[in-house]
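The values are calculated or read from the model by the stated rules, or taken from the named source; none is laboratory data. Here the structure is a predicted model, which is why all the values come from computation and not from measurement. Ideal geometry is used to build each Cβ from the backbone, glycine not excepted, and the neighbour counts take in all protein chains shown.
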């Protein structure tokens with residue numbers, strides 16, 4: 001098991017830059033929009049995002065192992081575009097609710113509902129199920145292994161290593177102010193529309 | 001306009017003809033040097049001389065009349081038209097090689113949203129010893145020099161997109177569409193677009209701005225293949241072209257530069273390195289003439305009704321001409337130089353230091369295409 005953790009960790013270390021590039025367009029605008037000039041608060045958002053990613057990875061580890069056991073070696077074709085469209089829709093909706101201003105219905109208002117405070121978690125989860133090339137490589141390995149515990153171990157290592165690459169996104173956040181938040185919301189809207197369009201395009205091509 | 005404003009707009013005073021001639025000469029000499037070096041390698045130096053004379057003439061007009069923006073706009077728009085004429089005619093005739101434009105390395109607007117990719121290229125060059133990849137670093141050094149010398153002034157003196165936008169925004173007498181109500185609310189859109197493009201360009205290892213938004217590409221040769229992507233890219237190209245060409249005619253604002261250009265946001269951020277500023281006088285009475293005149297939506301009414309210059313100001317000088325109290329000044333970090341006496345003393349002000357810096361640099365940069373465009377025109381007329 002430790003050997004598989006190391007194998008996943010090494011895969012993450014060697015391909016982490018791609019994870020950084022894939023996750024930045026989602027995480028950076030969110031942090032810019034919702035972050036504050038406080039490390040602790042921003043670190044909380046980051047941890048929630050990572051937790052969402054972790055949950056997605058573990059789910060995939062489970063599904064890949066089960067698929068491997070059942071002798072199926074392919075993902076459903078709709079999984080990636082649907083995840084991408086969902087991610088984009090969530091980002092655009094969050095941004096649109098905030099861009100209109102304080103008087104508009106605000107999805108992320110802190111006293112609205114505790115459930116909505118967990119949105120970074122959902123964003124992390126949706127990011128996790130957007131399959132990037134290194135993730136796909138790990139996924140294929142799990143199909144071969146076809147063992148649930150081994151799958152958890154392998155993807156645990158992969159998650160730990162790739163998280164190291166994503167963490168520098170926190171560096172600039174202690175200087176965030178109200179103006180940066182406003183720019184972040186517009187960025188979140190643009191990025192959301194981009195991913196929504198790409199996801200919908202993928203679904204339209206399929207059906 | 002506030003009824004208290006009784007002084008006529010454009011009350012900036014010029015210098016004497018002699019001082020203006022000296023200033024013109026000061027601009028002409030370095031302009032001729034740079035134009036000869038840059039353009040003279042491939043075409044006759046007479047074309048370089050003509051362009052340097054035009055720059056010197058612009059300097060004379062600015063100094064003699066004291067009005068920066070009107071003459072700047074003439075130089076700026078002609079430079080941009082020359083780019084359009086030379087670049088596009090070269091593409092149409094399929095003969096860009098004989099021109100000096102062939103040496104222009106890369107569009108400056110693409111530089112900003114592609115910056116993270118440049119960093120990655122530099123990392124790869126360091127790691128792999130691929131020295132051919134060091135090109136972007138020299139481009140980065142050129143940008144740093146421009147930013148230190150000119151800062152945000154790049155967008156009002158040198159940019160060939162901006163010249164089109166600026167020239168067209170000056171054509172209508174009054175705006176057909178008033179956008180003052182919402183313009184400030186979306187003024188940060190270029191900054192958001194810049195961040196988005198930086199991230200997505202890195203993620204996809206593609207120049208996303210060039211593919212999706214650049215209004216200058218009249219050829220589809222480097223767009224994606226046929227299908228949904230290509231249709232969307234053409235639609236966005238037309239939208240960006242409309243923002244560059246039609247929107248300034250309707251709004252009398254530099255629409256593309258104000259709301260879509262990622263390089264404008266980039267330069268607004270890094271332009272702080274440059275010492276030149278536009279500063280409102282302490283006794284500004286808040287008549288808002290400058291707010292209406294600003295083509296970049298970069299002035300708002302601050303606390304106490306005083307004009308507040310935003311970071312997006314590109315020091316074009318339009319507000320100087322519009323202010324009825326001559327209450328706006330070019331400064332160095334908000335400070336003016338002590339007044340000097342004598343006929344030439346008027347030239348020892350921040351305004352003329354800035355105009356000298358901007359005009360010589362813009363002439364040097366535009367020497368990549370303007371003399372060649374003149375040559376194209378002569379050939380076209382002469383058959």
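Computed quantities for the displayed model
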item	result
Residues within region B:156-191 that are facing another protein chain (nearest Cβ under 9 Å), closer than 20 Å to residue B:242 by Cβ and part of a helix (DSSP H, G or I), tallied	1
Enumeration of residues in region A:173-207 that are more than 11 Å from chain B (Cβ to nearest Cβ) and touching a helix residue (DSSP H, G or I) at 6+ places or on another chain (Cβ under 9 Å)	A:173, A:174, A:176, A:196, A:199, A:203, A:206
Every residue from region A:161-172 that is within 13 Å of chain B (Cβ to nearest Cβ) and either in contact with a helix residue (DSSP H, G or I) (Cβ under 7 Å, 6 or more places away or on another chain) or part of a helix (DSSP H, G or I) (or both)	A:165, A:166, A:168, A:169
Lone qualifier among B:362, B:326 - being touching a residue at least 60 places away in the same chain (Cβ under 8 Å) and in a helix (DSSP H, G or I)	B:362
Criterion: farther than 26 Å from residue A:130 by Cβ and surrounded by fewer than 19 Cβ atoms within 10 Å (Cβ to Cβ) - qualifying residue of B:171, B:236	B:171
Filter pass, residue A:23 being under 16 Å from residue A:121 (Cβ atoms), crowded, with 19+ Cβ neighbours inside 10 Å and either modelled with pLDDT under 85 or within 14 Å of another protein chain (Cβ to nearest Cβ) (or both)	yes
Tally of residues being touching a helix residue (DSSP H, G or I) at 6+ places or on another chain (Cβ under 7 Å) and under 27 Å from residue B:362 (Cβ atoms) across region B:321-331	6
Scope region B:286-315; condition assigned to a loop (DSSP other than H, G, I, E, B) and touching a helix residue (DSSP H, G or I) at 6+ places or on another chain (Cβ under 7 Å); matching residues	B:286, B:294, B:295, B:296, B:297, B:311, B:312, B:313, B:314, B:315
Residue A:33 vs. criteria touching a helix residue (DSSP H, G or I) at 6+ places or on another chain (Cβ under 7 Å), closer than 22 Å to residue A:196 by Cβ, more than 14 Å from every other protein chain (Cβ to nearest Cβ) and buried (at least 21 other Cβ atoms within 10 Å of the Cβ)	no
Residue that is modelled with the highest pLDDT, among those in region B:102-122 that are crowded, with 20+ Cβ neighbours inside 10 Å and closer than 26 Å to residue B:55 by Cα	B:109
Matching residues, region A:148-196, being within 20 Å of residue B:260 (Cβ to Cβ) and surrounded by fewer than 17 Cβ atoms within 10 Å (Cβ to Cβ)	A:179
Matching option when the condition is more than 14 Å from chain A (Cβ to nearest Cβ) and either closer than 21 Å to residue B:192 by Cα or at pLDDT below 90 (or both), among B:217, B:252	B:217
